[in-house]
Structures are given as C-alpha cells and as structure tokens.
Amino acid sequence: MSDAKQATEPEAIDFESELQLALERANDDESHVEHDAETMHPSQIAACKRQAYLGKLGLKDHTDILGTFQTGTLIHEFIEDHVGGHVDAEFEKAVELERDGVRFVGHTDCYDPAANAVYDVKSRNGWYRFDPPKDRHLDQMHVYMAATGAEYGQVVYVNKGDLEVRTWPEDGLFEFDPERFGAIVAKAQQVRDAVRDHGIASSEDEVPFDRCGCFLCDNETLQFGD
C-alpha cells in the first residue's frame, strides 16, 4: 500500500472504548447505594458482612464488570417485557420491610400471588461448576419472601448464551425458613452498627470487616471518595 493511500485511510471506530463509555453512561453509580446505617438492599445483605457494608455505601469499584451487569439487566428486561404479559404474576414488585431496627428495600423479579411465591432470576455465563443454590441467592430471596409474605420461592438461572433455563429446586418451590431470615436480620444489624460506629470508610484500612475468603471478597476492587 502506498504512503498516499495510507495517509487517506479513514480511522476505524474504536468499539472497545465506545462500548465501555456507553456502559459507564448507562450505569447509575448511586443505584442501591444507601448512606444511612439502617437501609439495606436484599442483594447486598445476602453477601458477607464486609461486602454488604461496601456495597450499601458505594465503596465497590464496578468499572471492569459493568458489561456483566448490563447483560444481566437486558435479560431481566426481556423476561419482564416478553414473559410478563403472558403469566399472571407481578414483575419488578417494589418491596419494603422494617424489622428490628433495619430496613430492607428493593424489587422482586417476579411475585406470583396465586401461589404466594417469589421467583428470582440469576443470569450465568454457562453451566460450568453449576451447583445450586448459592447461600447468597437463598438469603436474597428470603428477604424478598419476608417482605412480600411469600411462603415459597424458586431461583431461576438463565444462560446468557442461549437463554436456557435451569431452576432450583429443579421441580417445584422451596419453603420460607424463618430461622434463616432471622440470621439475615442479625447480620444486617451488625452492618448497621458498623456504619454507626465507624461511618463511611475513606480507605481500605478503615473498613470494619476483614475479608472472609468468599468469592466476592477475593475478587473485590474498591473506590473511595477524594
């Protein structure tokens, strides 16, 4: 190729950079962030105490996983838009529950009033090492179940590659466990007390909970205000 042709060759669109910028524009940094001590989202308190503290205060850096969040959001929106009109259930039902000095707020993926059951959708990259259910998924669901008064629940796992569905339990529903929910409330109280006692950490040294060895702790990245 001649130098003259190279000089006039148009510049290609940098889709890698443009997609990352689009993800950053679409992401709400304050979504699920609660700076008061008492308020928790089910997805946060389902994690360990360290991750619940970091998540509710907006101290986790999600820059490298915005694409994962976005694909999960798109799957949830597809289900709501294209399944919601064909089943007798409520999608994205707002919930709020106060219990023993803590407040849980959020939205259920799906609530079936006839069965008094909650369904929570979890998107996955595939079925490698698929061994449901994860404790944090069950804990998250128990908050939704307590908030709606649901007696039953099911975790719906969806493959991002082809939308194949697997559920837990495989056939049917599981029952609400009051003792499990009681333990979740106790954990929320400990996170609440840590925020009250220590405030919002401005460095990793100020985080009041140590890494526990869970997957989320082992892979966390943090961000702190100036």
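How many Å³ per residue does the convex hull of the Cα positions in the range 15-218 occupy? Walk me through the numbers before you get to the answer.
Working: hull volume 28.3 nm³, N = 204.
Cα convex hull per residue, to the nearest whole number: 139 Å³.
Looking only at 202, 43, 123, which one moves most when the chain is put into a Gaussian network model with springs between Cα atoms under 10 Å?
Looking only at 202, 43, 123, the biggest GNM fluctuation is shown by 202.
Counting alpha carbon pairs within less than 8 Å and at least 6 residues apart, what relative contact order, in whole percent, applies to the range 15-218?
Dividing the mean separation by the residue count of the range 15-218 yields 24 percent.
What ranking, highest mean first, results for peptides 95-106, 79-90 when packing means the other Cβ atoms within 10 Å averaged over each residue?
Top to bottom by mean Cβ count within 10 Å: 95-106, 79-90.
For residue 107, enumerate residues with amide H under 5 Å from its amide H, sequence gap 5+ or separate chain, H modeled in the peptide plane.
Sorted by chain and number, the residues that satisfy this are 95.
Considering the chain as a Gaussian network with a 10 Å cut-off on Cα pairs, which listed residue, 74, 173, 21, attains the greatest mean-square fluctuation?
For the chain, modelled as a Gaussian network with Cα springs under 10 Å, the answer is 21.
How far is helix 178-198 tilted, in degrees, relative to the longest principal axis of the Cα atoms in the chain, given as a value from 0 to 90 rounded to the nearest 10?
The two axes meet at around 60 degrees.
In deg cm²/dmol, rounded to 500, what helix-only [θ] at 222 nm does the chain give when every DSSP H run of at least 4 residues adds -39500 (n - 2.57) and the total is split over its residues? Walk me through the numbers on the way to the answer.
Working: 8 runs with 86 residues, N = 226.
Helix contribution divided over all residues of the chain: -11500 deg cm²/dmol.
Roughly how many debye, to the nearest 20, is the charge dipole of the chain about its Cα centre, given +1 on each Lys and Arg Cβ, -1 on each Asp and Glu Cβ, and no other charges? Working shown, then result.
Details: 21 positive and 47 negative charges, 128 e Å.
So the dipole magnitude of the chain works out to roughly 620 debye.
Which of the peptides 154-162, 51-59 is most tightly packed, and how do the rest follow, judged by the mean count of other Cβ atoms within 10 Å per residue?
Numbers: 154-162: 16.3, 51-59: 23.0.
Peptide ranking by packing, descending: 51-59, 154-162.
Every number in this text was worked out from the coordinates using simple rules, so none of it is lab data. Since we're looking at a predicted model, the values are computed, not measured. Reconstructed Cβ throughout: ideal geometry from the backbone, glycine too, with neighbour counts over all protein chains shown.
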